[in-house]
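Structure record follows, encoded as structure tokens.
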Amino acid sequence: MRETEVLVIGGGPAGLSAAVEAASHGCDVTLVDSDLALGGQLVKQTHKFFGSEAEYAGTRGIKIAKILFEELEAAKDRVTVLSNTTANGFYPDDGVVALVKDEEEYIRLRPKKTIVATGAMERLLPFPNNDAPGVYGAGAIQTLMNVYGVFPGERVLMIGAGNIGLIVSYQLMQAGVEIAGIVEFMPKVGGYWVHAAKVRRLGVPIYLRHTITDAIVEKGVVAGAHIQRVDEKGRPTEEIRKIDCDTICMAVGLIPTAEILWQAGCKMTYVPELCGHVPQRNAFMQTTNPNFWVAGDASGIEEASAAMVEGRISGISIARALGRIQGEAFQERYLELWQRLSNLRAGEVGAKIRSGLEKCSNCGCDWGEEA
Amino acid sequence: MTEKELLFNSGVLTERCPGAELPPRELWEKKKNGLVVIECPQRIPCNPCASSCPTGAIRPFKDINDTPAIDYEKCIGCAKCVAQCPGLACFVVDLTYGEADEALVKLPFEMLPVPVEGTSVDCLNRVGEAVAKGKVLHVTEPLRDKTRVVHVVVPRDRVMDIRAVRVVK
Amino acid sequence: MNLIKEHPILEFHHARKVTFSFDGRSLEGYEGEPIASALHANKIRIYRETPKTKRPRGFFCAIGKCSSCFMTVDGVPNVRICVTPLKAGMVVQSQKGNGSVPWSEPEAQKEGDGLA
């Protein structure tokens, strides 16, 4: 049995930020990540981030990952990193988290406090042949081409014009892959308008009010797709178009990865705006289980900039719960972080997030400690 | 919903609006080195254009979700915002450059192959159609971060359309 | 291998090149990178056949969650090849159906006591 003060599950933008923040206040941290290397989706982002300077705006995701890795390196005396390690379960009876490292080693770890920063999973749409090799998740395509330098295909049809669909289309073009088009059910792109403009001016068609009807399969793999126009009520029309492609990239949204939170007995609420079941949390990102905090996409699907700030908020709040920081020092840093998070969510594009958060946030401090 | 609205909703600028305004013509015609043209019509949480502007021409944002507002008198056409903008939404158009039928456009570039100075490139409009040939004057990398700024000489009557270039294969 | 050689933003640093076998063919890949990356770089996209409807399956999530890329690796079935690092000399086989665990072989008995 191992022990740790703070366990951070997930080494993406939220988990890395949480780990370095908690460590910077003197906490001993164990950071576990199921992937072969840390960084989550950050290490796949070749585009420059939005936000303000405090959120590294204008800096590419890959560079932001490097900055966080440097912070982690500087805190290495306080942070134990276990990669290729999956947190498989939480046992409420003795407070143990079961970890499996390298598919071989079984580790029982008892943390005092846990931050769940497990990120999200890709959604899939139901359509004939959606299981065929060549139908890939957007995150998977980014991993292949941006981490390992492998072509995911030669000609890709993108399904979904949210920020991920738009950005991954642009990244595919940077890698030298052709984009057959971007298909979006809604009458407008869901991602930032400027991301759409970037691919449009390079000649990529965006088929608004369209849906994929099926993948065409030859010799067991994707060889094309049919897309269909829908009317203003979303009903299919007669207009069907055949698209030549060898890969179909699914960018139709994400679902928070929340198993550990369920196991920890956190009160969970289904919030459509946050894309799934998410834990009730207070203004410190603490859940209804007083030993569990949450940050990033596991708390609701949002941008990586917000995930990093949430990680910091949970990190410093845990440091306070462990008595490592208090009073004005805490107040000052915490309020600064909270202000940054509020700014990111302030505009029209943040309206959906704000409305979702109203359904799962309890800022009245009914549980947890008071600020 | 009209076709024009759908076109805008797919990321194509169809008319000038807040965040995507043009400089006053009189000033623009005589401003050496050009003036910034920004096409960022949606309120999103992003401000590097303003925070990187060395002269304050892109006015500091009150709210990070503001769309950019520009004091054209202060703009020196330096193209720092062109290199900095995460949305690749900043351009500089210099109407004073070259012959009477020419103009210079400075635009962001992050693809391969990188245009070579002195060569001819295809100039693309907002839907990627090659609408003219342009001559590459300079290729710079102001922030040393692999976002290039391509200075391309284009037909003057096309400066309102040309927003990208592609190397002719 | 079908690799991205030039990229406007990224540089790729691959580890040592090793050989492994896929359904009896000898292929090259990079040590420590996921088996799925190596197979995909060799333009192999079908990794298994489903138990009931015999449908081909390949890569999908790349984070070890979706079960699409299960293969038999060094005799062990249901290995998530998207998150399993490649080693020199690995024997990678397409998986038909559920796969079977080689109980009869003494190697399989070598499991730990489950406690660390």
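Structure values in brief
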read-out: Unmet requirement for B:GLY77, which otherwise passes all of (1) within 14 Å of the chain's Cα centre (by Cα); (2) assigned to a loop (DSSP other than H, G, I, E, B); (3) within 14 Å of chain A (Cβ to nearest Cβ); value: (3)
read-out: The range B:25-43, residues that are more than 22 Å from B:LEU143 (Cα to Cα), surrounded by 12 or more Cβ atoms within 10 Å (Cβ to Cβ) and touching a residue at least 40 places away in the same chain (Cβ under 8 Å); value: B:LEU27, B:TRP28, B:LYS31
read-out: Residue, nearest to C:PHE60 (Cα to Cα), within the range C:24-44, restricted to residues that are assigned to a loop (DSSP other than H, G, I, E, B) and in contact with a Gly (Cβ under 9 Å, 6 or more places away or on another chain); value: C:ILE44
read-out: Selected residue (criterion: surrounded by the most Cβ atoms within 10 Å (Cβ to Cβ)) from residues of the range C:27-61 that are more than 20 Å from C:VAL76 (Cβ to Cβ) and more than 10 Å from chain A (Cβ to nearest Cβ); value: C:GLU28
read-out: Test: residue in the range A:95-114 that is more than 9 Å from every other protein chain (Cβ to nearest Cβ), on the phi < 0 side of the Ramachandran plot and assigned to a loop (DSSP other than H, G, I, E, B); value: no
read-out: Residue match in the range B:4-14 (condition: under 16 Å from the mean Cα position of the chain (by Cα), modelled with pLDDT of 95 or more and charged (D, E, K, R)); value: no
read-out: Residue ID - farthest from the other protein chains (Cβ to nearest Cβ), chosen from residues in the range B:133-157 that are surrounded by 19 or more Cβ atoms within 10 Å (Cβ to Cβ) and farther than 19 Å from B:CYS81 by Cβ; value: B:VAL153
read-out: Residue selected from the range B:15-45 under the condition closer than 23 Å to A:MET186 by Cα and touching a strand residue (DSSP E or B) at 6+ places or on another chain (Cβ under 7 Å), by the criterion modelled with the lowest pLDDT; value: B:PRO45
read-out: Residue that is over 19 Å from A:ASP35 (Cβ atoms), in the same structural domain as A:ALA295 (by TED's automatic domain parsing), β-branched (Val, Ile, Thr) and in contact (Cβ under 8 Å) with a residue 12 or more places away in the chain, where the choices are A:VAL116, A:VAL96; value: A:VAL96
read-out: The listed residue being surrounded by 19 or more Cβ atoms within 10 Å (Cβ to Cβ), assigned to a strand (DSSP E or B) and assigned by TED's automatic domain parsing to the domain that holds A:ILE167, out of A:ALA223, A:ALA196, A:ALA215; value: A:ALA215
read-out: Qualifying residues in the range A:182-193 (those that are surrounded by 24 or more Cβ atoms within 10 Å (Cβ to Cβ) and at the interface with chain B (Cβ under 7 Å from one of its Cβ atoms)) - the one farthest from B:ILE44 (Cα to Cα); value: A:VAL189
read-out: Residue within the range B:67-74 that is over 26 Å from A:ASN343 (Cβ atoms) and surrounded by fewer than 24 Cβ atoms within 10 Å (Cβ to Cβ) present; value: yes
read-out: Filter pass, A:ARG209 being touching a Leu at 6+ places or on another chain (Cβ under 9 Å), surrounded by 19 or more Cβ atoms within 10 Å (Cβ to Cβ) and free of Cβ contacts under 8 Å to residues at least 12 places away in the same chain; value: no
read-out: Criterion (surrounded by fewer than 19 Cβ atoms within 10 Å (Cβ to Cβ), on the phi > 0 side of the Ramachandran plot and more than 10 Å from every other protein chain (Cβ to nearest Cβ)) met by exactly one of A:GLY234, A:GLY253; value: A:GLY234
read-out: Residue that is of a type outside the set (A, V, I, L, M, F, W, C), in contact with a Pro (Cβ under 9 Å, 6 or more places away or on another chain) and at pLDDT 95 or above, where the choices are A:GLU5, A:GLU55, A:GLU71; value: A:GLU5
read-out: First in the range A:127-146 and within 7 Å of another protein chain (Cβ to nearest Cβ), second anywhere and part of a loop (DSSP other than H, G, I, E, B) and of a type in the set (Ser, Thr, Tyr), Cβ under 7 Å, 6 or more apart; value: A:ASN146/A:THR46
read-out: Close pairs from the range A:50-70: first within 11 Å of chain B (Cβ to nearest Cβ) and among the hydroxyl-bearing types (Ser, Thr, Tyr), partner buried (at least 18 other Cβ atoms within 10 Å of the Cβ) and in a helix (DSSP H, G or I), Cβ under 6 Å, at least 6 apart; value: A:TYR56/A:ILE64
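Here is a yes/no grid of residues against (1) of a type outside the set (A, V, I, L, M); (2) within 26 Å of A:TYR56 (Cα to Cα):
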site: A:PRO279; (1), (2): yes, no
site: A:ASP297; (1), (2): yes, yes
site: A:MET308; (1), (2): no, yes
site: A:GLY311; (1), (2): yes, yes
site: A:ALA321; (1), (2): no, no
site: A:GLN326; (1), (2): yes, no
site: A:GLU336; (1), (2): yes, yes
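The values are calculated or read from the model by the stated rules, or taken from the named source; none is laboratory data. As the structure is a computational prediction, the values presented were derived from the model and not from experiment. Virtual Cβ from ideal backbone geometry, glycine too; neighbours counted across all protein chains shown.
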